[in-house]
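See structure below.
The values are calculated or read from the model by the stated rules, or taken from the named source; none is laboratory data. Keep in mind it's a predicted model, so treat the numbers as computed, not measured. All Cβ positions, even for glycine, are placed from backbone atoms using ideal geometry, and neighbour counts span all protein chains on display. Note: accessible area is taken over every heavy atom of the protein model, side chains too, but ligands, DNA and RNA are not part of it. Shrake-Rupley method; radii C 1.70, N 1.55, O 1.52, S 1.80 Å.
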Amino acid sequence: MHLDVLPTRHGGAAENMAADFLLLKRYPAGRNTHARFRHYGWHRPSFTFGYSQKIEYVRAQLPAHESIELCRRPTGGGVVDHRVDWTYTLVLPRNHPLYDQPAPRSYEIIHTAIADALVALGQPVEVKQTCDPAEASDGEACPSPAGPTVCFTRPERYDVVHRTTGAKVAGAAQKRTRDGLLFQGAIARAAVAPTLDWDAFHAGFVEKLSAALAWPAAESPWPEFNEHEFEGLTGQYASSEWIEQR
């Protein structure tokens, strides 16, 4: 039982989404006691958006007069501007205890690891533990945001927020299938100190995440995906049929 920490890579928007989905579907073959974590970047200015978002709304959020790559994610969530974030993916196999927990529990555990790593580097952040008064009906349950959303504009329960300003620092979306749990997250670089050492944060986040999952972390080489399958899935994610399906 291990947390495999993959090398940092950069890719196009469709390539990054294809790699994340194949980490859930195909890797590591025969090693279902391993989780997989990766931090990655973007070849070009990119935006992604949740699977259920309407394309008309998404296009209205994009910067005018700028060439960007756009891709619909396999997970949910809002519109994310990847020009200004630190992006990561976590994949958990079905045999990890967190797979069977409610989605809010996944958010809380993973975002607590992010907050702890940032606090260790002097950042005044915390995990938001309550709903906004207008959202909460019984003090316990928080309804999902209604309608389309833009990430980092409004924090939800279990997001990471700045203690002083209340600004959203980290958010995520997830997808649970029979293969495992895919968790795609982003951290707003502008919401933390500009002097933050992101390499130190990466190491600290992995350490805190490993402790939270109770699986030791180990660096792992990049998996050898089937080239035909990877190219086919990348083409699917880049297609207008996928991007504009809603």
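Couple of notes before you dig in:
- Among the candidates 168, 208, the residue that is of a type in the set (Lys, Arg) and closer than 19 Å to residue 80 by Cα is uniquely 168.
- In summary, strands (runs of 3 or more DSSP E) completely within the range 1-70 and bearing 2 or more residues that are without any contact (Cβ under 8 Å) to a residue 40 or more places away in the chain occur at 9-11, 46-49.
- Condition check for residue 98: assigned to a strand (DSSP E or B), open to solvent by less than 50 Å² (accessible area, probe 1.4 Å), within 19 Å of residue 20 (Cβ to Cβ) and of a type outside the set (Asp, Glu): no
- Residue in the range 99-113 that is modelled with pLDDT under 95, touching a Cys at 6+ places or on another chain (Cβ under 7 Å) and either under 15 Å from residue 78 (Cα atoms) or among the aliphatic types (A, V, I, L, M) (or both) present: no
- Enumeration of residues in the range 228-246 that are of a type in the set (Val, Ile, Thr) and out of contact with any strand residue (DSSP E or B) (no Cβ under 6 Å at 6 or more places or on another chain): 234
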